[in-house]
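A short worksheet on the structure shown next.
Nothing in this text is a laboratory measurement; each read-out follows from the coordinates by a stated rule. Note that the coordinates shown come from a computational prediction; the quantities given were computed from them, not determined experimentally. Cβ sites come from the backbone with ideal geometry, for glycine too, and all protein chains shown count toward neighbours.
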Amino acid sequence: MSFYGDKILPRVIDRLLDNSDMAPYRQRACDGLSGVVVEIGFGSGLNVPYYPEAVERVLAVDPAELGRELAADRLADSPVDVEFIGLDGQTLPIDDASVDGALATFTLCTIPDVDRALRELHRVLRPGAPFHFVEHGRAENAGSRRWQDRIDPVWTRIAGGCHLNRPIDDLIRSAGFTDVSIERSVLDRPVTGSIFAGRAVR
């Protein structure tokens, strides 16, 4: 990872996504999780305050090691044990069908091989286990989609690989998840498209 991606971008993301607008989405994404949960895109631990009491342990994955430092205070205040297990959501060092839940928030936009990462989540979840997510992605409005497609090549370079126009709902279904339940909401910034908040089942 580049110096920018490892040392600067995590601080920017921590500032931009730690706000009252995002808090309800994080709360909702974490609600209902229990047992051992794998979280890809752990970042600076912005979801940590919202882990339910029923969560026993979180297996955290994130490519930027600085995130662990930024998460220190949140981890210190949390009763949930967080174990950092890797840097790459595309290859999870977890046994098949061994975890009770999965969590991703504002992560699927950035992973280079997002299809592979979703298949990995599907692989490690126990049958019937839930995948909870909040992501931004492809807009419903045709005009916004055109702007997303135009801007995406530049945006990806300056935003650490983040894509504006990924069809999050289609990606999750294509990975083999069932009972996919998604609510979409429109962001105030049209080019960043829709928020996809929901759950799916292994």
Magnitude of the charge dipole, the chain, Cβ model with Lys/Arg +1 and Asp/Glu -1, debye to 20: 720
Each label sits 7 Å from Cα toward the beta-carbon; between residue 15 and residue 180 the label points are separated, in nm, by 3.5
Place a point 7 Å from Cα of residue 23 in the direction of its Cβ. Which residues in region 57-80 have their backbone N less than 16 Å from it? 74
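Ordered by packing density, taken as the mean number of other Cβ atoms within 10 Å over each peptide's residues, highest first, how do 93-99, 24-30, 114-120 rank? Write down the numbers at each step before the final one.
Values: 93-99: 13.7, 24-30: 18.4, 114-120: 20.0.
The densest-packed peptide leads the list: 114-120, 24-30, 93-99.
Suppose we keep just the DSSP beta bridges with both residues in region 3-201; what percent of those would be antiparallel, to 5?
Percent antiparallel among DSSP bridges in region 3-201 is about 45.
With n ≥ 4 as the cut-off for DSSP H runs, can you work out [θ] at 222 nm for the chain, using -39500 (n - 2.57) per run divided by the number of residues, rounded to the nearest 500?
When only DSSP H runs of four or more count, the value is -8500 deg cm²/dmol.
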Report the full-extension gain for the segment residue 126 to residue 8: residue separation times 0.36 nm, less the Cα-Cα distance, to one decimal in nm. 38.9 nm
Hey, if you put +1 on the Cβ of every Lys and Arg and -1 on every Asp and Glu Cβ in region 3-201, which of 78, 142, 52 ends up farthest toward the positive end of that dipole? 142
Please compute the length gained on full extension between residue 140 and residue 157, using 0.36 nm multiplied by the number of residues separating them and subtracting their Cα-Cα distance. 3.7 nm
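Please arrange 31, 14 by counting, for each residue, the other beta carbons lying within 10 Å of its beta carbon, fewest first. Working shown, then result.
Details: 31 11, 14 17.
Listed from fewest to most nearby Cβ atoms, that is 31, 14.
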With both partners inside region 88-202, how many of the DSSP beta bridges are antiparallel, as a percent to the nearest 5? 75
What's the center-to-center distance, using Cα atoms, between region 132-201 and region 14-66 in Å? 19
Considering only 177, 162, 107, whose Cα is most displaced toward the positive end of the charge dipole of the chain, charges sitting on Cβ of Lys, Arg (+1) and Asp, Glu (-1)? 162
